[in-house]
Amino acid sequence: MKKLIIFDLDGTLLNTIADLAAATNHALMHCGFPQHPTEAYLYFVGNGINKLFERALPETERNIINVLKVRSLFIPYYNEHKTDLSRPYPEIKNLLQCLQEKGFLLAVASNKYQEATTQLINEFFPDIRFSAVLGQREQVASKPDPTVVYEIMEKTGVTKDEVVYIGDSCVDMQTGANAGVTTIGVSWGFRPRTELEDYKPDFIADSPLQILDFLKSLD
């Protein structure tokens, strides 16, 4: 029986791509680098903000000095503007409320830096009691390393067979597989459904409420 549901954040619970793109473009512009259309960022995100900046920089400028320069401009701008355009995906609030009412433990495991992860969850889901909300932190390996999943399992006292991990990208599917837990891919996020299919999750949901049906089938 499943007890713990772990969600990715960006592209799974929240559509944050426009604010991520705007903040990165702001930083790139002030550093004198070319900007990108919002759609390009769908493939830049997923592995943490330093990797986002590396991908957004021109190939000849991808070094740690420029990454940190962009980061120094991105973070204060994003902290100020991260909720300008970001919103929960349709039916996500209903899904979380239903899962909470059914007694599931809920958690978030994101590659977004910790401060923004916590603030976005508090802003958009104040009525949901998450057992853990973990973002990218210093000295902790990022997804697809399964460390964050194990950390949440230890905190909640559940075993692998009681966990479901939900996300929208190959990084998420790899994370769940590396942790040895049940995986659900969501097709409404940043990456195409075919990317999820390539990583063979246990289920692919095309709408949030389909997740409830799948969980019921596991009882």
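The values are calculated or read from the model by the stated rules, or taken from the named source; none is laboratory data. Everything numeric in this text was worked out from a predicted model, so none of it was measured. Ideal geometry is used to build each Cβ from the backbone, glycine not excepted, and the neighbour counts take in all protein chains shown. Areas reflect the complete protein model, heavy atoms only, side chains present, ligands, DNA and RNA absent. Shrake-Rupley method; radii C 1.70, N 1.55, O 1.52, S 1.80 Å.
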Phi-based couplings in Hz for the stretch 127-140 (Karplus 6.51, -1.76, 1.60; Gly and Pro marked x): 9, 9, 8, 7, 6, 7, 10, 10, x, 6, 9, 4, 6, 10
Percentage relative contact order, the stretch 1-79, counting C-alpha pairs under 8 Å, at least six apart: 31 percent
Bins of 5 Å from zero: percent of alpha-carbon pairs in the stretch 107-206: 2, 14, 22, 23, 22, 13, 3, 0
Principal axis dimensions, largest first and in whole angstrom, of the chain by Cα: 55, 32, 31
Where the chain is the region considered: accessible area per residue in Å², 1.4 Å probe: 46 Å²
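Extension gain Ala141-Leu68, at 0.36 nm per residue separation less the Cα-Cα distance, in nm? Before the final figure, lay out the partial values.
On the way: separation 73, 0.36 × 73 = 26.28 nm, distance 1.87 nm.
Using 0.36 nm per residue and subtracting the Cα-Cα distance, I get 24.4 nm.
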Extension gain, Leu209 back to Lys155 (0.36 nm per residue minus Cα-Cα distance, nm): 16.8 nm
Sparsely packed trypsin sites (Lys or Arg not before Pro) within the stretch 1-103, loop by DSSP, other Cβ within 10 Å at most 14: Arg62, Lys102
Semi-axis lengths, Å, the stretch 5-115, gyration tensor of Cα atoms, sqrt of 5 times eigenvalues: 30, 13, 11
Viscosity 1.002 mPa s, temperature 20 °C, Stokes-Einstein D of the stretch 82-151 from Kirkwood C-alpha radius, µm²/s: 163 µm²/s
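Would you mind putting 151-160, 115-124, 8-17 in packing order, based on average other-beta-carbon counts within 10 Å, highest first?
8-17, 115-124, 151-160
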Two-site FRET efficiency, Cys98 against Thr38, from Cβ-Cβ distance with R₀ of 45 Å, rounded to 0.05: 0.90
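Please report the equivalent ellipsoid semi-axes of the stretch 137-181, computed as sqrt(5 x eigenvalue) of the Cα gyration tensor, largest first, in whole Å.
Values: eigenvalues 51, 42, 11 Å².
So the three semi-axes of the stretch 137-181 are 16, 14, 7 Å.
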Label point 7 Å beyond Cα of Leu85 along Cβ direction - residues of the stretch 4-22 with amide nitrogen under 20 Å: 9-22
Within straight-line cross-link reach of Lys93, lysines at Cα separation under 16 Å, skipping those fewer than 8 residues along the same chain: Lys102
Packing-based order for 185-193, 210-218, using average beta carbon neighbours within 10 Å, highest first: 185-193, 210-218
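Tell me the relative contact order for the stretch 142-219 as a rounded percent, counting alpha carbon contacts under 8 Å between residues six or more apart.
Details: 111 pairs, mean separation 19.5, N = 78.
Relative contact order for the stretch 142-219 comes out at 25 percent.
Give, in nm to one decimal, the length gained when the segment between Asp202 and Gln114 is fully stretched (0.36 nm per residue of separation minus the Cα-Cα distance).
Stretched out fully, the Asp202 to Gln114 stretch lengthens by 28.9 nm.
Relative contact order of the stretch 23-155, please, whole-number percent, based on alpha carbon pairs below 8 angstrom and at least 6 residues apart.
Numbers: 131 pairs, mean separation 29.0, N = 133.
After rounding, I find 22 percent.
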Accessible area of the stretch 72-180 belonging to carbon and sulfur atoms, whole % at 1.4 Å probe: 48 percent
Of Gln139, Gln100, Gln174, the one that fluctuates the most in a GNM where the chain has Cα springs shorter than 10 Å: Gln139
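Step through the table entries Lys51/Lys82; Lys2/Lys51; Lys112/Lys160; Lys160/Lys200, compare each Cα-Cα distance with 30 Å, and write down the pairs that go over it. Present the calculation step by step, with values, prior to reporting the outcome.
Working: Lys51/Lys82 19 Å; Lys2/Lys51 33 Å; Lys112/Lys160 24 Å; Lys160/Lys200 18 Å.
Over 30 Å apart, Cα to Cα: Lys2/Lys51.
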